[in-house]
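For reference, the structure I am asking about is given below.
The values are calculated or read from the model by the stated rules, or taken from the named source; none is laboratory data. What you see is a predicted model; the values in this text were computed from it and never measured. Reconstructed Cβ throughout: ideal geometry from the backbone, glycine too, with neighbour counts over all protein chains shown.
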Amino acid sequence: MKINKIVILSIFAISMLCSLAASTAYVNMGSNSVTVTNDGDNSSNGYAQLSVDGIIYPMDGKLPKNYGKYKNSTFQVSKYKSVKYRPSVRSQGLLTNITGIKFKNSYINFGDGTKTSYNGWIAHTYNRSGWYKILVSFNATFANASCMGQKFNGTIVGATKEYLVYVSTKPQLSLGQVTCGYTSIRNYKNRNVNYLDVKVTNTGSASSKATQIKIWYEQPHKVGSVYNRLKSYTKSASLKPLKPGQTTTVRVYFSMPKKYSILWKDIQLDSPHKLNQFDRSATLYRLK
């Protein structure tokens, strides 16, 4: 079955939009070689970013006072959960399609007293809740980059970027595998589905509360809305509390006649207003 999550955020490189200038005052060009520095306009910093391998969440709610500048570079992580980080180079401005990157004198300061030099992915775990600033800093060389229609190798000197992370203890319910079931050989042969087994995992760091799984046919071209003509097919089932890392499978007796197989079906893990989890918007999924 094809499953689409309405909001997905797991492994990605976080980057903050920055203004691009046509000036080349910060770029020293030699024979097929480019050096980017922070002289004048902090240009090297525009190439710095943080890549993440692990489960992180978008920021849910307002930032603390005076933290507005981190609006586009803020995320959440779960307390006691290990996440991997590494510096990376963002192609932007005059230099694009940057490849063959090698880092020198690079480190990540996690803001909790841990400062680690870069040597591959860096696994880090926060043991206290609260706000932290992550600073990534590096020098780098690259073998190839496009600049004004030409190819260059070069160096990026003194690139830094700061991120804001909130560490919290919350649950997070995540939909896993969904399988079809039949109550008779006849329905199996005719491909008339009688129920769905829905696998749910708590990927957060706190136990979740009891809630419900609800499934309905989606109104065509209106994601998340109930198809009024098929409203009677809407079904729900209870979902028990889950400890961190715990997985359960819930059977929902949702009927899927073959003639409706081409329609989108929506699965909701309760209401985003009732679930006090990291990403409250990540409760709605679609399957076909």
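Being farther than 15 Å from residue 145 by Cβ and either of a type outside the set (Lys, Arg) or surrounded by fewer than 19 Cβ atoms within 10 Å (Cβ to Cβ) (or both) is the requirement here; does residue 98 meet it?
no
So, in the range 169-192, exactly how many residues are touching a Phe, Trp or Tyr at 6+ places or on another chain (Cβ under 7 Å) and either crowded, with 19+ Cβ neighbours inside 10 Å or assigned by TED's automatic domain parsing to the domain that holds residue 71 (or both)?
3
Out of 201, 234, which single residue is of a type in the set (Val, Ile, Thr), within 30 Å of residue 130 (Cα to Cα) and at pLDDT 90 or above?
201
Out of 166, 132, I need the residue that is among the hydroxyl-bearing types (Ser, Thr, Tyr) and at pLDDT 95 or above. Which one?
132
Shifting gears a bit: Just one of (1) surrounded by 14 or more Cβ atoms within 10 Å (Cβ to Cβ); (2) more than 30 Å from residue 72 (Cβ to Cβ); (3) acidic (Asp, Glu) trips up residue 197, so point out which.
Checking residue 197 against (1) surrounded by 14 or more Cβ atoms within 10 Å (Cβ to Cβ); (2) more than 30 Å from residue 72 (Cβ to Cβ); (3) acidic (Asp, Glu), the one that fails is (1).
Moving to a separate point now. Filter the range 100-129 down to the residues that are in contact (Cβ under 8 Å) with a residue 40 or more places away in the chain and outside any strand (DSSP E or B) and list them by number.
100, 101, 111, 121, 125, 126, 127, 128, 129
Just for strands (runs of 3 or more DSSP E) wholly inside the range 177-288: which have at least 1 residues that are among the charged types (D, E, K, R) and in contact with a Ser or Thr (Cβ under 6 Å, 6 or more places away or on another chain)?
195-202, 211-217
Let me ask something else about it. Does any residue in the range 178-191 that is closer than 20 Å to residue 250 by Cα come within less than 8 Å, Cβ to Cβ, of a residue that is in a helix (DSSP H, G or I) six or more places away or on a different chain, and which pairs are these?
Within 8 Å, the pairs are 182/188.
Does residue 132 satisfy the condition of being part of a loop (DSSP other than H, G, I, E, B) and within 19 Å of the chain's Cα centre (by Cα)?
Taking the combined requirement at face value, the residue does not satisfy it.
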